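Below is one structure, written out as structure tokens, with a few remarks after it.
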Amino acid sequence: MGDILPPACIEVSPIGSFWPTEKILNSELPRLVFQISFTVLLSELFFLVLKPLNQSRLLPQIISGFVLTRPLLGRYSRLFELAFPVEGVLNIEVVAHFGLIYYAFLNGLEMNLDTILKVRKKAASIAIAGIIFPMVMAPGLYAIHRKFYVSSDGNRLEESTKNAYLLWTLVLTVTGFPVLAHTLSELKLLYTGLGKSALTAAMVSDTFGWVLFTLCFPFAINGERAIYSVLSTIFFIAICIFVLRPIIVRFIDRRTEKDEWDYDQLLFVVMGVLACSYITDLLGTHAIVGAFVFGLILPHGKFSDLVMSISDDFGNGIMAPCFFSGTGMRFFPKLIFNQAHWPLTLLVVFLLFIPKILSTLFTSFFYGMRVREALALGLLQNTKGAMAFIMLNIAWDRMIFFAPTFAVVTSAVLLMTLVVSPVINAMYKPRKRFDQIKLKTIQKLRDDAELRILTCVHNARHATGMMSIIESFNATRLSPIHVFALYLVELTGRGAALVAAHIEKPSNYQGDQNLTRTQAELESISNVCEAFEQQHDAVRVETSNVVSTYETIHEDIYNLAKENGTSLILLPFHKHLNTEGVLETTSYSVVYKDINQNVMQGAPCSVGIFVDRDLGSVSKMNMRIIMIFVGGPDDREALAVAWRMAAHTGIRLLVVRILLFDDAAEIDTMIQDDATGILSSVMDSDTQKEIDDEYINSFRLTAVNNYDSISYSEVDVHRGEDIPTVLNEIEKIGCDLYIVGQGNCRNLRVFSNLLEWCDCLELGVLGDIVASDNFGSRSSLLVVQQYGYGGMNFAKLQSNKAANKDGFQHIVVRTEYQF
């Protein structure tokens, strides 16, 4: 094993601390700081390199250690000795194991026992099968490995196979829940059916992995005395759960309610971690078991959120890399190829993928899953996390695995985790093929079809406003409404913990005194939606949430809209109404505005932005709506929405069509040339006008002539600058709700010029005018964008604003407004 660094024996005599010499400030501490900084910086560098592949931080941390081996940077002895001198190994090892203990504690803290115990049968079956199949097949695969691998003096296999069988099997059974949560979040599959099944199964599998590790690890290191270690550890865990936990929870909840925690008091948490770790290590299990159990018994909610927000960067970003980089330093894939039967050994590496995949294929027969979904679930369950690498390090340290076996298993584990993201991304890559016959729009929806709406909210206030506008959509038994209420949560810090906290419905939360802010908000939103559902027989509401970064959360919204077959996505306007009746911005307004614009650019169905001016206070039995129609697909979709609302008893609708002539009707050829979308072939103005006239005539014939509550008027406009004047005249009529089209596909120069004055491009020209405080309206506003003609390119609109300052001319009103 010429390239493998031999174990070093260091003679030390600690004086009053773990430092091996008395020269702490002059040599030991600076060297330790340099080693930690070097390891963290190197892992961050590889994290940036692997980021396009949607990899978690675990793999870059291992790779950062691998590049320091002798085949790579380790061949430069001076560089290696500078970074990791022999006399500094003990220091970095102590820090690394402390980081491992704290990492295990954070893993326990993000696990939710209530969620695990209430898991659905399908996810539990996948998890159990994913444990049984590897346990049955792993010994056979290890026997094949021993048969194929050609040992030599430099590359010997372990002589004692009993413990090797055990750890080989344990490594294959575990699934890394935090790593899988990160992968699914990056691939935007976290809230799909596949993602939910995979994530819940991974949580159960990860928990079983800890149980198996606790029960089986002592047998690998303690021999005949292992049974005493196992029994004493189980007794200690029982004391922690049934005796210690109620005392700790009562104490922590009391202080959490009063917000009395500070950094000094959180030091007791670290002391508890170390104490539990020491006890389980003393009992003959492993220190990480005690740390994990201590994290598991702490209350989940505000306190766990506080601890992780404070210590995540320290534990996961600084301490953990010191340990996992050590795995990379011990990894020598060259040993697989330095023997005669290397193709067969390489085959064994790939055969280790099979047990988890076979387990999900087997389970698929009982739950009617498609083969493609079963294969994807199998690949996802193959994702390995910290537990697998912890076991590998233990096997190396205890000489249970010799270098060749360690290289084979580590290669398989790394490949399993590395290939999951690109393969699943290729299998579930969003399709760009659209069926024009089944356009997801309100206009194309049959009268007797269920209307599916995906509504996004950021708080309970938004939920109340959204329910008020959805109530206007006139749900009936013939055409019921299915609402998917989505609470958007920003992903920050330790992602798996936040995902685990929101994986179940809010009804599962026990009390509200220890809920995090996001959990409490979700519960409030759920209460609003449930109350609305109970008031309307023809409405069904499902409340869920999305935990993602705000920069990419629109992709999760896309996937949920596609999966649920929605015809409309409703988004809240980024400003909210203050007590003086003025729309004002908040600290999150810019972020919410970006989310709305991102959704509109590529939504798989029609989109509506709702500007709420307290519409909920308006009785639906005496509600007035004005729909302003200029022309184009967005206006037709807006008219379809208003038409459906007009069927609601007590709602009166006025449709005002603005007819453009002369200069106001001039075509903007640049917009026409840049038209995109699956229906861009119908973007020419003549065809658009024909479609507009046909739809308006149908509306007048079917609705206006048969319902007294619906009226229609037309306004002639000869110069574009008269449009604000027209809107002011309409405002004098008075209404509770305006409905307008966003107007992205209006290829008219007048609207291109008016964009110069728009503050909120996502509302379009008409919507921006009506929503502005200068307009003086107290009415709510719904802006609609129809699916099928390409989303808005807001960056291009910002850069292409034209300055057009022509004068005003005249306006001719052809009919009287009648409400």
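The values are calculated or read from the model by the stated rules, or taken from the named source; none is laboratory data. As the structure is a prediction and not an experimental result, all values here were calculated from the model. Here the Cβ positions follow ideal geometry from the backbone for every residue, glycine too, while neighbour counts run over all protein chains shown. Only protein heavy atoms, including side chains, enter the accessible area calculation; ligands, DNA and RNA are left aside. Shrake-Rupley method; radii C 1.70, N 1.55, O 1.52, S 1.80 Å.
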Discussion item. Solvent-accessible area of LYS732, probe 1.4 Å, all protein chains present, reported in Å² to the nearest ten, please.
Written reply: 150
Discussion item. Calculate the FRET efficiency for GLN601 and THR549 from the Cβ-Cβ distance with a Förster distance of 22 Å, rounded to the nearest 0.05.
Written reply: 0.85
Fill in: Calculated from backbone phi, Karplus (6.51, -1.76, 1.60) coupling profile of region 693-700 in Hz, x at Gly/Pro
4, 5, 6, 4, 4, 5, 5, 5
Discussion item. Please list, in order along region 187-192, the HN-Hα scalar couplings obtained from phi with the Karplus expression 6.51 cos²θ - 1.76 cosθ + 1.60 (θ = phi - 60°), rounded to whole Hz, x for Gly and Pro.
Written reply: 7, 6, 10, 4, 10, 7
Fill in: FRET efficiency estimate (nearest 0.05) - Cβ-Cβ, VAL49 to TYR76, R0 22 angstrom
0.60
Worksheet entry | Ellipsoid equivalent to region 329-417 - semi-axes via the Cα gyration tensor, in Å | 29, 16, 9
Worksheet, complete the sentence: With a Förster distance of 30 angstrom and the Cβ-Cβ distance between MET399 and LEU29, calculated FRET efficiency to the nearest 0.05 equals 0.40
Worksheet item: Going 7 Å from the Cα of ASN222 toward and past its Cβ, which residues in region 165-192 have a backbone nitrogen under 17 Å from where you end up?
Response: 167
Worksheet, complete the sentence: Rounded to two decimals, the Rg over Rh value of region 128-185 from Cα coordinates and the Kirkwood Rh reads 1.12
Discussion item. I'd like the accessible area for TYR588, computed on protein heavy atoms only with a 1.4 Å probe and all protein chains in place. Round to 10 Å², please.
Written reply: 100
Worksheet item: Do any of LYS51/LYS562; LYS51/LYS334; LYS118/LYS593; LYS122/LYS384 go past 29 Å between their Cα atoms, and which?
Response: LYS118/LYS593
Worksheet item: Using a simple spin-label model with points 7 Å from Cα along the Cα→Cβ vector, what separation in nm is obtained for VAL371 and ARG250?
Response: 5.9
Practice prompt. Along Cα→Cβ, 7 Å out, is where each label goes; now give me the distance between the ones at ASP773 and ILE234 in nm to one decimal.
Written response: 6.8
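Could you look at region 119-185 and say what percent of its accessible area is carbon and sulfur, using a 1.4 Å probe and all protein chains?
61
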Item to complete: Please go through region 283-392 and write out the trypsin sites (Lys or Arg not before Pro) that DSSP classes as loop and that have at most 14 other C-beta atoms within 10 Å.
Response: ARG370
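List the chymotrypsin sites (Phe, Trp or Tyr not before Pro) within region 241-319 that fall in a DSSP loop (any state other than H, G, I, E or B) and whose Cβ has at most 14 other Cβ atoms within 10 Å.
TYR263
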